[in-house]
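Below: the structure, in structure tokens.
Read the figures in this text as sums done on the coordinates, not as results from a lab. From a predicted model like this one, the values you see are computed outputs, not experimental measurements. Quick reminder, even Gly has a Cβ in these numbers, built from the backbone with ideal geometry, and neighbours come from all protein chains shown.
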Amino acid sequence: MSDVNETKFKFTVFLLSGIPGQESNFLWISIPFCLMYIVSIVGNSGILFIVKTDPSLHEPMYIFLSTLAITDLGLSIVTLPTIMGILWFNSREISPNACFAQLFFIHSLQCIESSVLLVMAFDRFIAISNPLRYTSILTLPRTVGMALLCVLRGAAITLPLPFLVQRFPYWRKNILSHSYCLHQEVMKMASADITVNNIYGLCVVLLTMGTDSFLIFLSYVMILKTVLNVTSRKECLTALNTCVSHLCAVLLFYIPFVGVAVIPRFGNSSSLTLQISMGYVYMFLPPVINPIVYSVKSKQLRARIIRAFAK
């Protein structure tokens, strides 16, 4: 390492914990993680391929779904290989620069996913409340622009995080409690005042997850208000059915996030196993479940998948 880094680091690597206390079961634990990785890669890549090759799916909902699939694919690629390296080869070492890069990609992809879920809620609101003007409001250029804005927003908000942790000296300890690098974990290793990092991290959460979840909730309140005014029960159920897959994705993303955000701040040392478990649920279930839910609930996607297998 350079002379500058030698003065900042007492050690040359961070050590990832894996799953403390379960080292003897790593081989068995690796099986579900490997299956999740395969399902996530195949499922999300399949959605991207189907949407790209089928012109009838070049609609706002499927463009947003493709953006969500890219985000889930990125989260799987950034995190699961690190975990598989620990479970298969006990490869726990990660250089500081690689750790800082990983935390940037993890947090930026999470922010992007939150933004995409928000614009998908907006898409469902327009489709239900104003179906006649749906295509004129959500034109293809506008839809692509909204998807790109989600990506830029997530990257811009989280870009300072690696630089904020890179400026610290690390002399005390280097063992992270997860199998991947997170901002809130890395900054605890610093031998310096982390007040600025704490404040900025909280601002990122409030400006992204907090704002997005509130606006999604508001969107569904307005959707329910619109649907309840529909006289036909069949039409009401049909409208609500179009929201089921998105609502599942929202709950799957935000409920574990609340646990991940709250437990480390208000829990105690005895909740370490719970923190790690919630982290795995939050990080890995959405990339696995989202393509399954959308493939089952979307008639067009389901028909395209069946046709592909039939061939």
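Here the peptides 38-48, 81-91, 140-150 are ranked by packing, the mean other Cβ count within 10 Å, and the order with the highest first is 38-48, 81-91, 140-150. Applying a 4.7 Å Cβ-Cβ cutoff to the chain, the cysteines left without a disulfide-compatible partner are Cys34, Cys111, Cys150, Cys203, Cys236, Cys243, Cys248.
Normalising the average separation of contacting C-alpha pairs (under 8 angstrom, six or more residues apart) by the number of residues puts the relative contact order of region 3-310 at 26 percent.
Helix content alone sets the calculated 222 nm mean residue ellipticity of the chain: runs of n ≥ 4 DSSP H residues at -39500 (n - 2.57) each, divided across all residues, give -25000 deg cm²/dmol. Calculated FRET efficiency, Ser24 to Asn97, Cβ-Cβ distance, R0 = 30 Å: about 0.40 to the nearest 0.05. Annotation for region 165-252: trypsin sites (Lys or Arg not before Pro) lying in DSSP loop with at most 12 further Cβ atoms inside 10 Å of their Cβ are Arg167, Arg172. Its residue count N fixes a reference of 2.2 N^0.38 Å for the chain, and the Cα radius of gyration divided by that reference is 1.09. In terms of surrounding Cβ atoms within a 10 Å radius of their Cβ, Thr242, Thr208 rank from fewest to most as Thr242, Thr208. Ordering Ser95, Ser56, Ser115, Ser129 from the fewest to the most neighbouring beta carbons within 10 Å gives Ser56, Ser95, Ser129, Ser115. Site pair Thr211 and Ile31 shows an inter-label distance of 4.6 nm when each label is modelled 7 Å from Cα along Cα→Cβ. Angle of helix 211-228 to the longest C-alpha principal axis of the chain, folded into 0 to 90 degrees and rounded to 10: 20°.
If you plug the beta carbon distance of Arg302 and Leu251 into 1/(1 + (r/R0)^6) with R0 = 30 Å, you get a FRET efficiency near 0.90.
Computed extension gain for Thr226 through Ile77, at 0.36 nm per residue and net of the alpha carbon distance, reaches 49.7 nm.
Please find, in a Gaussian network model of the chain (springs between Cα atoms separated by less than 10 Å), the residue of Leu103, Leu274, Leu16 whose mean-square fluctuation is greatest. Ranking Leu103, Leu274, Leu16 by mean-square fluctuation puts Leu274 first. Fraction of C-alpha pairs exceeding 29 angstrom in region 1-154: 37 percent, rounded to a whole number. Potential lengthening of the chain between Val144 and Thr53 amounts to 31.1 nm, from the contour at 0.36 nm per residue minus the alpha-carbon distance. Compared with the alpha-carbon gap, the fully stretched path from Lys173 to Leu274 is longer by 34.2 nm at 0.36 nm per residue.
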